[in-house]
Amino acid sequence: MDQRMWTVPALANFLGKPTSWVYDNHEKQAIPSFRVGQQLRFWPSEIKTWLEEYCREQGVA
């Protein structure tokens, strides 16, 4: 992939949510994420697909 992975603060900023919301939803396995070492990372394309497919229907975000 040509894009950089997002960090938790970058994803929180993109979504307009606090970082605690990102961590909480990662724990619930609601957000597509990866562990790189001990840090969470997110592919922007997967987040955008997740928003389109899951959040629009379920009203999660």
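The values are calculated or read from the model by the stated rules, or taken from the named source; none is laboratory data. Being a predicted model, the structure only gives us computed values, none of them experimental. Cβ: placed from backbone, ideal geometry, glycine included. Neighbour counts: every protein chain shown. Quick note on the areas: whole protein, heavy atoms, side chains included, nothing else; ligands and nucleic acids left out. Shrake-Rupley method; radii C 1.70, N 1.55, O 1.52, S 1.80 Å.
So which pairs qualify, if the first residue must be in segment 18-35 and closer than 16 Å to Glu53 by Cβ, the second must be among the β-branched types (Val, Ile, Thr) and open to solvent by 40 Å² or more (accessible area, probe 1.4 Å), the Cβ gap must be under 7 Å, and the two must be at least 6 apart or on different chains?
Listed pairs, sorted by first residue: Ala30/Val60.
Every residue in segment 6-21 that is at pLDDT 95 or above and aliphatic (A, V, I, L, M), please.
The answer is Val8, Ala10, Leu11, Ala12.
Hey, can you tell me all the residues within segment 21-56 that are within 12 Å of the chain's Cα centre (by Cα) and of a type in the set (Gly, Ala, Ser)?
Ala30, Ser33, Ser45
Kindly indicate which of Gln3, Gln29 is of a type outside the set (Phe, Trp, Tyr) and open to solvent by 80 Å² or more (accessible area, probe 1.4 Å). Lay out the reasoning, then the answer.
Working: Gln3 fails: open to solvent by 80 Å² or more (accessible area, probe 1.4 Å).
The match here is Gln29.
Of all residues in segment 32-52, how many are at pLDDT 90 or above, open to solvent by less than 40 Å² (accessible area, probe 1.4 Å) and either assigned to a helix (DSSP H, G or I) or on the phi > 0 side of the Ramachandran plot (or both)?
2
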